[in-house]
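Just below is one structure, and these are the notes that go with it.
Read-outs: derived from the displayed coordinates by stated rules, not from any lab. Keep in mind it's a predicted model, so treat the numbers as computed, not measured. A quick note on method: Cβ atoms are made from the backbone with ideal geometry, for glycine too, and the neighbour counts reach across all protein chains shown.
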């Protein structure tokens, strides 16, 4: 159904001894909003720059529409880029900036003017064509960069950390606009970012990279709920990781026993690890529930887990109130701290937990993810 | 009378030590020039005591064929050597800015040599060079007979251009160049549309440096000029060897006025220095710059 537009075939890029991109194979489909995500220095920008033509792969091939473009110079590739610094030409007006690509392509002046106007309308800069870049705000300069790249109707639009230089409020707004823009123009977008929120919010699919290696390629939902490795689990969102051994591993249930946790972690599905394997149980803070502890009272009942599992006692050591939610650091027996996130559902009559208070931590049998590496 | 408030902590200009200092600087800088200009109107042959106002020495200077010839020579040499220095200097700066190559450090150091080497050494070196290595043919028609001087002037002025241009290029955002390439521009087109506009203020500044250096150079020119290729400074020197007449003052005054006017025009062309000289550094955060 969806047609592949870009293919990386075993692409490796070395700078001297440093391996920036290590044997990456990846296919991106037409119409996708694809995010390359990873910490700084993971090779994501190098991958993007190879696509734009500013770097050439040391090994492997890059195909656009089935054509090997490894030796095509950047000015002859059907891709355009929005640069991290926007790179708006400071000595040209906004309209001249946007028209630049068409001028080089010798598009007749009348058509050029019409398309420039269209492009400026598209990024909501209509009427600002005669301004100079130094009369624009950061967000407006970014729109110029977007219009300038989109006006050439590229097969693929590349975005290098496009939102990193904007303030939080504007970033949020531009996120929505980028999404709408992509739906409007229907061009494949490939965006590099180190901001996982941004990637989750925008991408139709995400590639997580670390140290030049491709870690996982998946939809944002799958990346978050079904991380393939500890790196991905830890990089996307925040997570509590418990190292342990698979004590039970059957078709419809599994148990992880961790020395860091006084109770067993019970899962209502099997794991492909095999009994006795060393695994890591990943538990997201928002998937842990806090319950009041009262001396002498029985523990809360979990309806989907056997008694003695998925339930531990702890002491609240730290609370951060974040407005829409609060995070708690809870110390459990053995000294390990577990992070718990709780939504502030009501304004004041929600159960309150004080520092030093004893609590129960509980989670559902489907909540932990078991990682094999 | 309202009493003036006491100077604030940072208002040094309202206290006498800095005022005195500024007055001293002003006198040392400009008093000789003003004296030279004033005495160009002095109605006296010996030009030691003020005798009265006259313009006759201007008339005399403007009718002095050999002085005019020297003046035209100087302007020609300055114009040609500035043009050549701009090209050579800008290319050297681009090479140093953009590429890594073996011997780059050596080239960088060698480029500064004409700036720091004593002029007298350069002069003698030029004399030997044009006498032994590359004898410039004698008796060529004007302006080809100025060739040796022009080459000498280019050799000491283009490093100044290179230094200025290179400093300017340090504030260039490489992503601008990549953006142009990305939008379809060839290397040449990128140079013309993106790199040259950024470089322009430094080219203007470099041109003025080169022009001024060439126009008032005496030492090196003295060693490379022949009897039929006299420049203005050399001519003035030969005139004052006999006596400092107001004629020399008049000729010098014309030169000073010309320089001031040219500089004023240049500043006007260049516009507000804050907006041209790296003012965009804050807008386009340069990346990957050492």
Exercise. Which value in Å does the Kirkwood hydrodynamic radius of segment B:23-84 take, with 1/r averaged over all unlike C-alpha pairs and then inverted?
Worked result: 14.2 Å
For this session: Write down the radius of gyration of segment A:78-221 and its Dmax, each obtained from C-alpha positions, in Å.
Result: 15.6, 49
For this session: Give me B:56, B:132 ranked fewest to most by other Cβ atoms within 10 Å of their Cβ, as a rough exposure proxy.
Result: B:132, B:56
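Could you work out [θ]222 nm for chain B from helices alone, using -39500 (n - 2.57) per DSSP H run of at least four and dividing by all its residues? Round to the nearest 500 deg cm²/dmol. Intermediate results must be reported in sequence, preceding the final value.
On the way: 13 runs with 189 residues, N = 290.
It lands at -21000 deg cm²/dmol.
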Seminar exercise, completed: Expressed in µm² per second, the diffusion coefficient of segment A:190-279 from the Stokes-Einstein equation, with Rh the Kirkwood radius over alpha carbon pairs, at 20 °C and 1.002 mPa s, is 146 µm²/s
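Can you say what percent of the DSSP beta bridges in chain A, counting only those with both residues inside, are antiparallel? Round to 5. Walk me through the numbers before you get to the answer.
Numbers: 59 of 78 bridges.
For chain A, the DSSP antiparallel bridge percentage is about 75.
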Seminar exercise, completed: With Rg from the Cα atoms and Rh as the Kirkwood inverse mean 1/r over Cα pairs, segment A:47-118 has an Rg/Rh of 1.05
Problem set entry | Among A:338, A:116, A:301: highest mean-square fluctuation, GNM of chain A, C-alpha pairs under 10 Å | A:301
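Roughly speaking, what % of Cα-Cα pairs in chain B are separated by over 24 Å, rounded to a whole number? Spell out each step's value before the answer.
Working: 27144 of 41905 pairs.
For chain B, the share of Cα pairs beyond 24 Å comes to 65 percent.
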For this session: Using only the alpha carbons of segment A:312-373, determine the length spanned along each of the three principal axes and report them from longest to shortest in whole angstroms.
Result: 41, 24, 18
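Per-residue ellipticity at 222 nm for chain A, helices alone: DSSP H runs ≥ 4 residues times -39500 (n - 2.57), over residue total, nearest 500 deg cm²/dmol?
Working: 8 runs with 84 residues, N = 373.
Taken over chain A, the calculation gives -6500 deg cm²/dmol.
Which whole number gives the average, over all residues in B:194-202, of C-beta atoms from other chains lying within 10 Å of the residue C-beta?
Going residue by residue through B:194-202 and averaging, the value is 2.
Rg to Rh ratio, segment B:114-233, alpha-carbon atoms and Kirkwood radius?
Values: Rg = 18.9 Å, Rh = 16.6 Å.
Using Cα coordinates only, the ratio equals 1.14.
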For this session: Could you tell me how many degrees, from 0 to 90 and to the nearest 10, lie between the Cα long axis of helix A:168-185 and the main elongation axis, the longest principal axis, of the Cα atoms of chain A?
Result: 60 degrees
For this session: Report the relative contact order of segment B:138-251, percent, no decimals, based on alpha-carbon pairs under 8 angstrom and at least 6 residues apart.
Result: 34 percent
Seminar exercise, completed: Once normalised by the length of chain B, the mean sequence separation of its alpha carbon contacts under 8 Å that are 6 or more apart gives a contact order in percent of 30 percent
Exercise. So which residue, out of B:54, B:229, B:253, gets the largest mean-square fluctuation from a GNM of chain B using Cα contacts under 10 Å as springs?
Worked result: B:54
Problem set entry | Square roots of 5 times each gyration tensor eigenvalue, C-alpha, segment A:1-158, largest first, Å | 31, 18, 14
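If the viscosity is 1.567 mPa s and the temperature 4 °C, what translational diffusion coefficient in µm²/s does Stokes-Einstein give for segment A:1-80 when Rh comes from Kirkwood over Cα pairs? If you can, show how the numbers build up before the last one.
Working: Rh = 13.0 Å.
Answer from the Stokes-Einstein relation: 100 µm²/s.
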Problem set entry | Packing-based exposure ordering (other Cβ within 10 Å, fewest first) of A:367, B:214, B:243 | B:243, A:367, B:214
Problem set entry | Percentage relative contact order, chain A, counting C-alpha pairs under 8 Å, at least six apart | 15 percent
For this session: Binning at 10 Å from 0, report for segment B:96-154 what percent of all alpha-carbon pair distances ends up in each bin.
Result: 19, 36, 28, 16, 2
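Going by how many other beta carbons lie within 10 Å of each one, how would you line up B:235, B:60, fewest first?
On the way: B:235 22, B:60 15.
Arranged by neighbour count, lowest to highest, B:235, B:60 become B:60, B:235.
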Seminar exercise, completed: Here the tail fraction of P(r) beyond 18 Å, over all Cα-Cα pairs of segment A:190-345, rounds in percent to 66 percent
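Using the scaling law 2.2 N^0.38 Å as the reference, what is the normalised Cα Rg of segment B:10-116? Walk me through the numbers on the way to the answer.
Working: Rg = 23.7 Å, N = 107, 2.2 N^0.38 = 13.0 Å.
For segment B:10-116, the normalised Cα radius of gyration is 1.83.
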Exercise. If you wrap a convex hull around the C-alpha atoms of segment B:1-58 and split its volume per residue, what is the figure in Å³?
Worked result: 154 Å³
Exercise. GNM, chain B, Cα, under 10 Å: largest mean-square fluctuation among B:72, B:80, B:257?
Worked result: B:257
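Which number do you get for Rg(Cα) / (2.2 N^0.38 Å) in the protein assembly as shown? Display every interim value, and only then the final one.
On the way: Rg = 37.2 Å, N = 663, 2.2 N^0.38 = 26.0 Å.
Ratio of Rg to 2.2 N^0.38 Å for the protein assembly as shown: 1.43.
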For this session: Specify, per residue and in Å³, the volume enclosed by the convex hull of the alpha carbon atoms belonging to chain A.
Result: 186 Å³
Exercise. If one computes the Cα centroid of segment A:191-209 and of segment B:167-206, what distance in Å separates the two points?
Worked result: 32 Å
